[in-house]
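The values are calculated or read from the model by the stated rules, or taken from the named source; none is laboratory data. Since we're looking at a predicted model, the values are computed, not measured. FYI the Cβ positions are ideal-geometry reconstructions off the backbone, even for glycines, and counts take in every protein chain you see.
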Amino acid sequence: MQTLVIYDIVDDRLRTKISETCKDYGLQRIQYSAFLGDLNRNRREELQQRLKRLLGKKEGNIQIYPLCDKDVALRVEIQYKPPPPRE
């Protein structure tokens, strides 16, 4: 099942640890503070416990969403990249 992890962490060092942990679990960064990837229930629960320990009593918010493949297939990405400046 696909898993979406989003977070809002104030501390730079902790934010880096959270992102590295998401990468350790094979999640791909889809935005600065958002990761998506395939995790089974056990791996998702393991990730949840690890992130909870990392956050501890520090200020922050981490949200983990299990998503079915059908919902992920309905995802829409809207992106704009400005053209390079003219010389």
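Of everything in region 13-27 that's outside any loop (DSSP other than H, G, I, E, B) and in contact with a helix residue (DSSP H, G or I) (Cβ under 9 Å, 6 or more places away or on another chain), which residue is nearest to CYS68 (Cα to Cα)?
CYS22
Tell me which residues, restricted to region 28-37, are surrounded by 15 or more Cβ atoms within 10 Å (Cβ to Cβ) and either farther than 22 Å from LYS70 by Cα or of a type in the set (Asp, Glu) (or both).
SER33 - this is the single residue of region 28-37 that is surrounded by 15 or more Cβ atoms within 10 Å (Cβ to Cβ) and either farther than 22 Å from LYS70 by Cα or of a type in the set (Asp, Glu) (or both).
Filter region 39-87 down to residues that are without any contact (Cβ under 8 Å) to a residue 40 or more places away in the chain and assigned to a strand (DSSP E or B), then give me how many there are.
Total satisfying the criteria: 0.
Say we look at region 54-87 and pick out the residues that are more than 21 Å from GLN28 (Cα to Cα) and loosely packed, with under 10 Cβ neighbours inside 10 Å; which of these is modelled with the lowest pLDDT?
GLU87
Assigned to a helix (DSSP H, G or I) and closer than 25 Å to CYS68 by Cβ: is that true of ILE6 in this structure?
no
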